[in-house]
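Derivation of every value follows stated rules applied to the coordinates shown; laboratory data play no part. Here the structure is a predicted model, which means the values were calculated and not measured. Virtual Cβ from ideal backbone geometry, glycine too; neighbours counted across all protein chains shown.
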Amino acid sequence: MHFKYMKNPNDSFLRGRLRSLKFALKGMWLLITTEDSIKAQLFFGAVSIGFGFYFNISNTEWMIQSLIIGMVLVAEALNTAIEKLADFVHPDYHKKIGFIKDIAAGAASFAAFTALVVAGLIYGQRIIELF
């Protein structure tokens, strides 16, 4: 029996990588089209990119900002995956499942708070100088 998500032993290295890329792009599309947390973080990322162009930030600041945006999106995606898996494994409320989901949400919150700090360091003084 062969499932479409299992590795096909007849695939070449390149074909296997292309298959993996297809699944990864599908996962990104599912996150973007179904998850409000991802949509919100994409919005904030776009705002940050707009600020970057407006304030003409340095290459180093662009690199840091890009890494932070990616970190937040990865954390939100992993949080979503953990929540979906937990709901699948145990659909009813369970104290231990709730604990696991809270930990996953906490990890995403660490990433978001870090992003706020970095945004403050990059843009804080620049925004103050506008007024």
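For the reader, a short list of remarks on this structure follows.
- Normalised by 2.2 N^0.38 Å, with N the number of residues, the alpha-carbon radius of gyration of segment 42-131 equals 1.39.
- Taking the C-alpha atoms only, the angle from helix 59-89 to the longest principal axis of the chain is near 40 degrees.
- For residue 39 and residue 67, the difference between the fully extended length at 0.36 nm per residue and the C-alpha to C-alpha distance is 8.3 nm.
- FRET efficiency for residue 10 and residue 130, using Cβ-Cβ distance with R0 set to 41 Å, rounded to 0.05: 0.10
- For the residue pairs 7/96; 7/101; 26/84; 22/96, the alpha carbons lie more than 24 Å apart in 7/96; 7/101; 22/96.
- Applying the Karplus relation 6.51 cos²θ - 1.76 cosθ + 1.60 with θ = phi - 60° to segment 18-23 yields 3J(HN,Hα) values of 5, 5, 4, 5, 4, 5 Hz, where x marks Gly and Pro.
- Degrees, to the nearest 10: 95-130 long Cα axis against longest axis of the chain: 30 degrees
- CD proxy at 222 nm, helix term only [per DSSP H run n ≥ 4: -39500 (n - 2.57); per residue of the chain; nearest 500]: -30000 deg cm²/dmol
- Amide H within-cut-off set for residue 35, under 5 Å, with H built and near neighbours excluded: none
- In this label model, residue 87 and residue 30 are separated by 1.2 nm, measuring between points 7 Å along each Cα→Cβ vector.
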